[in-house]
Amino acid sequence: MSPTGRRWTISHDFSFVFGGAELVTKVMSEALLPDADVTVLAGDDSVTAQLGSRTRQLLSTRLTADNYRYLLPAYPSLLARQPVIEGDILASSYAFSHHLQCTGRKIVYCHSPFRQIWSAAEEVQSSGLVPRLALEMFGGRLRAADLRAASSAHQYVATSMAVKRRIEDYYGRRDVPLIPPPLDLPELHPSGVTTDSERDGLLWAGRVIEPYKKLALLVETMRSLPDLTLTVAGDGRDLPAIKANAPDNVRFVGWLSKHDLYQEYSRAKVLVFPSEDDFGISAVEAQAFGTPVVAYGHGGALDTVEDDLNGLFFRSQTVDDLREAIRRAMKRQWAHECIAAKVRENYGTRRFLRQMRELLDESPSSQYVA
């Protein structure tokens, strides 16, 4: 039994790369609900193994990072045929994991309502012919199924104000608490945050999914910044195309271990965050090492970056605007110690666990009615 005295299952969407959503599920399974089973819709074994010892894949193990999008219209009906789960569900959801049904409460920790069917027209156009046609043909049906799944939840939780607004707009939900995701950070070195004189260059970190992450925009911007260097830490389906067209001042280091990524954060002058993310965990992680952020002034960055204090915003996703913001950030003298202290206070794992435990204990037992 869990600390709440109830039987819990943690449900998670697709897990082919270990990213921010996977970190949330890992913390949930290891520290929040250590007795819970973890159900992943599909994923890579090496990734799902990191989500907890009680993890299982629900759908076919033949689903891969290359083919799982082709079944997009079928997932609501596939999940509707699954046995009802005994007890309560805590869904860590950005796609379909909140569709699963249970005999108890269903609480959805929402990274975002499924972007591809609600808000991400640009991403849909770049996702390949088959997924694009499927969304054009079945988008209305998928949205209707998503609304039904949302209405069966007793409680929604948002990761950021941007996600909270989407939940309100798409699902008509009100009274949605905001609990930012946890940061799994080591203690700072006894010598403290790296000083400005010890830092060099720009950093981008994340999974390479275009055009969502706007890495191609950043790489193109580097052509007009020949005196600066950019380190790209991450991997993903669109990395080969970006590498093939990158200028010489862009260095690709692949997907790094946490230790190596933290080293990159601590060495960088500035982290560049050019996308409109739901939350944007790399922007917060970088700040935990005292690194300021140049961020697109929309989405989750509005919750985590304060203009002129721990970073700078640029207002349009163009080479000219991004280049100007980078130039201004590189000229500034930043208070690295203050940047690190504030984010470590506001985004620690202990804070996340405390807020989630309070929510699980207090969440209503009656079904939500829109």
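Of all the residues that make up segment 191-222, how many are without any contact (Cβ under 8 Å) to a residue 60 or more places away in the chain and farther than 30 Å from Phe114 by Cα? The total comes to 3. At least 1 residues being surrounded by fewer than 21 Cβ atoms within 10 Å (Cβ to Cβ) and touching a Leu at 6+ places or on another chain (Cβ under 8 Å) is the threshold, and among the strands (runs of 3 or more DSSP E) wholly inside segment 235-298 those reaching it are 250-254.
For every residue, the table says whether it meets (1) closer than 23 Å to Ser93 by Cβ; (2) in the same structural domain as Glu264 (by TED's automatic domain parsing); (3) surrounded by fewer than 19 Cβ atoms within 10 Å (Cβ to Cβ); (4) basic (Lys, Arg).
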| site | (1), (2), (3), (4) |
| --- | --- |
| Arg165 | yes, no, yes, yes |
| Glu168 | yes, no, yes, no |
| Tyr171 | yes, no, no, no |
| Asp175 | yes, no, yes, no |
| Leu178 | yes, no, yes, no |
| Leu202 | no, yes, no, no |
| Arg207 | yes, yes, no, yes |
| Lys213 | yes, yes, no, yes |
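Before we move on, is Ile89 at pLDDT 95 or above, within 30 Å of Asp66 (Cβ to Cβ) and touching a Cys at 6+ places or on another chain (Cβ under 7 Å)? Yes; evaluated as a whole, the condition is true for this residue.
When Val193, Val232, Val219, Val208 are screened for being β-branched (Val, Ile, Thr), out of contact with any His (no Cβ under 9 Å at 6 or more places or on another chain) and assigned to a loop (DSSP other than H, G, I, E, B), only Val208 passes.
Condition check for Leu71 on (1) touching a Gly at 6+ places or on another chain (Cβ under 8 Å); (2) farther than 20 Å from Gln155 by Cα; (3) of a type outside the set (Asp, Glu): one failure, at (1). Every condition in (1) within 20 Å of Pro186 (Cβ to Cβ); (2) without any contact (Cβ under 8 Å) to a residue 40 or more places away in the chain is met by Asp248 except one, and the failing one is (1).
Within segment 1-11, identify whether any single residue is under 23 Å from Ser119 (Cβ atoms), buried (at least 21 other Cβ atoms within 10 Å of the Cβ) and under 21 Å from the mean Cα position of the chain (by Cα), and answer yes or no. Taking every residue of segment 1-11 in turn, at least one turns out to be under 23 Å from Ser119 (Cβ atoms), buried (at least 21 other Cβ atoms within 10 Å of the Cβ) and under 21 Å from the mean Cα position of the chain (by Cα).
Scanning segment 30-40 turns up no residue that is part of a helix (DSSP H, G or I), closer than 24 Å to Phe279 by Cα, among the hydroxyl-bearing types (Ser, Thr, Tyr) and in the same structural domain as Gln355 (by TED's automatic domain parsing). Leu41 falls short of the stated requirement of being more than 22 Å from the chain's Cα centre (by Cα) and surrounded by 20 or more Cβ atoms within 10 Å (Cβ to Cβ). The single residue among Gly290, Gly300, Gly348 that is of a type outside the set (Val, Ile, Thr) and at positive phi turns out to be Gly290. The residue list Thr195, Thr229, Thr221 contains one member that is of a type in the set (S, T, N, Q) and in contact with a Gly (Cβ under 7 Å, 6 or more places away or on another chain), which is Thr229. Considered as a group, the residues in segment 135-163 that are surrounded by 15 or more Cβ atoms within 10 Å (Cβ to Cβ) and of a type in the set (Ser, Thr, Tyr) include one that is nearest to Ala74 (Cα to Cα), and that residue is Ser152.
How about segment 307-334: which of its residues are among the polar types (S, T, N, Q) and under 25 Å from the mean Cα position of the chain (by Cα)? If the condition is that a residue be among the polar types (S, T, N, Q) and under 25 Å from the mean Cα position of the chain (by Cα), then Asn310, Ser316, Gln317, Thr318 are the ones that fit. Looking only at residues of segment 4-38 that are of a type in the set (Lys, Arg) and touching a helix residue (DSSP H, G or I) at 6+ places or on another chain (Cβ under 9 Å), we find that the one that is modelled with the lowest pLDDT is Arg6. Annotation: of all residues in segment 329-349 being exposed (fewer than 13 other Cβ atoms within 10 Å of the Cβ) and in contact with a helix residue (DSSP H, G or I) (Cβ under 9 Å, 6 or more places away or on another chain), the one that is modelled with the highest pLDDT is Gln333.
The values are calculated or read from the model by the stated rules, or taken from the named source; none is laboratory data. None of the values given here were measured: they were computed from a predicted structure. Don't worry about glycine lacking a Cβ; one is built from the backbone with ideal geometry, like all the others, and counts go over all protein chains shown.
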